[in-house]
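Engineer: What follows is a single structure, and I will ask about it in a moment.
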Amino acid sequence: MRNKLTMKVWMMMAMLTFTLLGKAQQPIYKEPGQPVERRVTDLMGRMTLEEKVAQMCQYVGPGHIRETQKRFKGQKIAKGDDANGFYPNLSVNQLLELTEKGLVGSFLHVVTAKESNDLQKLAMKSRLQIPLLIGIDAIHGNALVSGATVYPTPIGQAASFHPELVERISREAALEVRATGAHWTFTPNIDVARDARWGRVGETFGEDPYLVTRMGVATIKGFQGKDCQGTEVALACAKHLIAGSEPRTEQMQLRWMYRNVHCVRCIFHHIKLRLRKRMFLR
């Protein structure tokens, strides 16, 4: 009887020892209680150059690729047509293998929670188990997802002159973005519209820098919440610096370059003052 009891005690002590050793060997970057800076430093120190480069690579989702291939059935896709894009020299299976090896940092055009979860499971099989960052163009609602709530385009939102309403729209859109497994939306577009002939005027908040600033701040606050923490917020992405807002001719670009630079600097300055939070810039 005593021998059995002794054996049980030893087994319990051995199990406890293995558990403690396992916790002690947990990498710092996997410990939520550690400071973010320390976790990042630890993770970066473990990454190879290839893995670091891979984290800056974004691909369209496998489901999107399959749909594109069905739709075009071998027909040539127009050059620069990234909305319907796929990779001629990279199969879906090869893309999934890259994900499993930790050689994909981000996906876009992933529109279902199932696909998001499947891709994350593959990423968790990689050496460092870095989660994927999934982004989507939820410019005026999560409109790429069937059944999502779609709101007026940004130029229509700006016509309301109602930043609080725009913030509420973005708050609701953030919930629908996260419901599909995405974390990141490519909005707001804070280009200042200079010429109605430019093809993306409808994606802007118009031609007035002050109104663009107010609506941009409202959009970011709506998506990111108070501290951009939790499962009900999404990362905002302020764009496109001086890359848009008018037709792309050399003469016009030179003519407006100085004014655009000055205007964009002012807008970003005021957005940063109002938010005092980090955000993606594109």
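The values are calculated or read from the model by the stated rules, or taken from the named source; none is laboratory data. Nothing here was measured: the structure is a model prediction, and the numbers come from that model. Methodologically, a virtual Cβ is constructed for each residue, glycine included, from the backbone with ideal geometry; neighbour enumeration extends over all protein chains shown. For the accessible areas, the whole protein counts, side chains as well, though only heavy atoms, and no ligand, DNA or RNA atoms are used. Shrake-Rupley method; radii C 1.70, N 1.55, O 1.52, S 1.80 Å.
Engineer: Quick check on region 147-242: what are the equivalent-ellipsoid semi-axes from the Cα gyration tensor, as sqrt(5λ), descending, whole Å?
Structural biologist: Equivalent ellipsoid of region 147-242: 23, 13, 12 Å, largest first.
Engineer: How many percent of the accessible area of region 89-185 is carbon or sulfur, using a 1.4 Å probe?
Structural biologist: Carbon and sulfur together cover 57 percent of it.
Engineer: While we're on this one: For Ile136, which sequence-distant residues (separation of 5 or more, or a different chain) have an amide H within less than 5 Å of its own amide H, given hydrogens modelled in the peptide plane?
Structural biologist: Amide H to amide H, under 5 Å and 5 or more residues apart or across chains, Ile136 pairs with Trp184, Thr185, Phe186.
Engineer: For region 63-69, what does the Karplus curve 6.51 cos²θ - 1.76 cosθ + 1.60, with θ = phi - 60°, yield as ³J(HN,Hα) per residue in whole Hz, taken in order and with x for Gly and Pro?
Structural biologist: Once rounded to whole Hz, the list reads x, 5, 4, 4, 5, 5, 4.
Engineer: Continuing with this model, one more query. Under 19 Å from the Cα of Lys226, which aspartates and glutamates turn up, not counting those fewer than eight places away in the same chain?
Structural biologist: Partners within reach: Glu164, Glu167, Glu172, Glu176.
Engineer: Among the aspartates and glutamates, which have Cα under 12 Å from the Cα of Lys101 when same-chain residues fewer than 8 positions away are ignored?
Structural biologist: Lys101 reaches Glu50, Glu51.
Engineer: Based on the mean of other Cβ atoms within 10 Å per residue, sort peptides 51-62, 209-220 so the most packed one is first.
Structural biologist: 209-220, 51-62
Engineer: Give the average over all directions of the projected area of the C-alpha convex hull of region 73-216, one decimal, in nm².
Structural biologist: Averaged projected area of region 73-216's Cα convex hull equals 10.7 nm².
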